[in-house]
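This report refers to the structure that appears directly beneath it.
The values are calculated or read from the model by the stated rules, or taken from the named source; none is laboratory data. All values reported here derive from a predicted model rather than from experimental measurement. For neighbour counting, all protein chains shown are included, and Cβ atoms are generated from backbone atoms with ideal geometry for every residue, glycine included.
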Amino acid sequence: MALDVLVVGSGGREHALVTGLRRSPDLGRLFCAPGNAGIGRDAILVPIAADDIRGLADFAEREGIDLTVVGPEAPLVEGIADIFEARGLTVFGPVQEGALLEGSKSFAKGVMAAAGVPTGRAAPFNDYDSAHAYLREHGVPIVVKADGLAAGKGVTVAQTIAEADEALRECFLEDRFGVAGRTVLLEECLVGEEVSLLAIVSGGRVLPLAPAQDYKRIFDGDKGPNTGGMGCYSPVPSMTPALYDEIVRTVFRPTVDELQRRGVDFRGVLYAGMILTADGPRVLEFNTRFGDPETQALIPRLRSDLLALLRAAARGEELPEAAEWSEGPCVGVVMASRGYPASSSKGDVIRGLDQAVALPGVEVFHSGTALNGGDLVTDGGRVLTVSALGSSFAEARRLAYQGVALIDFEGSQHRTDIALRAELGEEGEA
Ligand code: GLY
């Protein structure tokens, strides 16, 4: 059985998915639309944008694609899965109503409230005056969240009234996020370690994946502005088996049951961004797709057949009770271009990749790369993720940073403390 697969998207997450799918004995042809220069070494690139849903469906029909795997959230929220399903195409990714868990934060809060899922207290507003009055009454710290998709820029953790007010003005008075910011949630500020837990969902079935830890800020010590993610590791030592089971029982199970109760046949990834507060785990947000860079730390560890899992979920079939993972951890370090996250630079020549991937256990996933003549060049803010498997966090970190040191491009920046606390925890245990 050789299955032809199309991956939709163009980042490090999609490169990691492509790499995972290539390990399956059942894989036939592997396409990626639109992909990037690195993905082009591992899959056949198709020049169709990730938001050109009809173009993608036409391609899948014409080529007889057996499974389409959707990476980014925007086409899911636009209803790509509904359109594919209506055309008889098998797709991994939730239908539009399921994707609303990510596409509308107030919808997600409604589902969580109905399902009894632990999350922060929040109130929705549709105008500046009433939001501002609530802000005055409740004070800071407070989190201001644009309701819809805002390319990762719609959330402000405000420490002062002025900061919160500025965020409200951007949404309501300056229309910075368009419709995505015309409803705003004001939410209590949760304090604790942030952990990502993703599950593959097949209708009413839930297959939780290994936990992962993302680093959102640009600089070491969690300083500086937020980014799309500067690094990741998996597993997460602070996520004990008991805590993991609690989150599956109190978050994933009731959310999927509530979706079923509403008639939503969710087939895709449910990703819970969790805060481990002193009062227990709380959901910070739901996403309805694989995380980036979480996927670059999860796929190198996955020992189960990724294609079999995604295909089973896309068809609403049985899932195994647990996936199989490497014993050792994976550490992924993101290399970003000059000016990121405020801006990004393009066209700088990247050197040293072959030496980096020659290191044992090291894989390099491309996010923003392109070909310029014969040169591999930067083409965006986040450029590469250097991921390494090791027998311990110390070894995985050492290998990942050895790989980073071998790669060179003008203006390159990365954090030096990815998975440091996991390594220090290991030393503490020894
Ligand atoms: N790691 C954050 C995200 O994928 O949204």
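Key figures
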quantity	calculated
Residue within region 327-343 that is more than 16 Å from the ligand (Cβ to nearest atom), farther than 24 Å from Phe393 by Cβ and in contact with a Leu (Cβ under 9 Å, 6 or more places away or on another chain) present	no
Residue tally, condition more than 24 Å from Pro72 (Cβ to Cβ) and touching a Gly at 6+ places or on another chain (Cβ under 9 Å), over region 145-163	1
Criterion violated by Thr369 - all others in (1) farther than 18 Å from Gly12 by Cβ; (2) modelled with pLDDT of 95 or more satisfied	(1)
2 or more residues within 24 Å of Arg301 (Cβ to Cβ): qualifying strands (runs of 3 or more DSSP E) within region 366-428	382-389
Helices (runs of 4 or more DSSP H) lying entirely in region 71-167 (those with 1 or more residues that are more than 25 Å from Leu319 (Cβ to Cβ))	73-77, 105-115, 128-138
Verdict on Gly20 being within 16 Å of the ligand (Cβ to nearest atom), surrounded by 18 or more Cβ atoms within 10 Å (Cβ to Cβ) and closer than 27 Å to Gly228 by Cα	no
Total residues in region 88-116, condition of a type in the set (A, V, I, L, M), touching a strand residue (DSSP E or B) at 6+ places or on another chain (Cβ under 6 Å) and closer than 27 Å to Leu168 by Cα	3
Residue within region 345-356 that is within 16 Å of the ligand (Cβ to nearest atom), in contact with a strand residue (DSSP E or B) (Cβ under 6 Å, 6 or more places away or on another chain) and touching a residue at least 12 places away in the same chain (Cβ under 8 Å) present	no
Residue ID - farthest from Val248 (Cα to Cα), chosen from residues in region 276-296 that are among the small types (Gly, Ala, Ser) and more than 10 Å from the ligand (Cβ to nearest atom)	Ala278
Region 181-224 - residue that is outside any loop (DSSP other than H, G, I, E, B), among the small types (Gly, Ala, Ser) and within 16 Å of the ligand (Cβ to nearest atom) and, of those, nearest to the chain's Cα centre (by Cα)	Ser196
Cross-chain or 6+ apart pairs with Cβ under 8 Å, region 327-343 first and under 16 Å from Asp408 (Cβ atoms), then among the acidic types (Asp, Glu) and surrounded by fewer than 24 Cβ atoms within 10 Å (Cβ to Cβ)	Ser337/Asp348; Arg338/Asp348; Arg338/Glu410
Subset tally (residues that are at pLDDT 85 or above, within 15 Å of the ligand (Cβ to nearest atom) and not small (Gly, Ala, Ser)) for region 144-156	3
Scope region 14-54; condition among the hydroxyl-bearing types (Ser, Thr, Tyr) and part of a helix (DSSP H, G or I); matching residues	Thr19
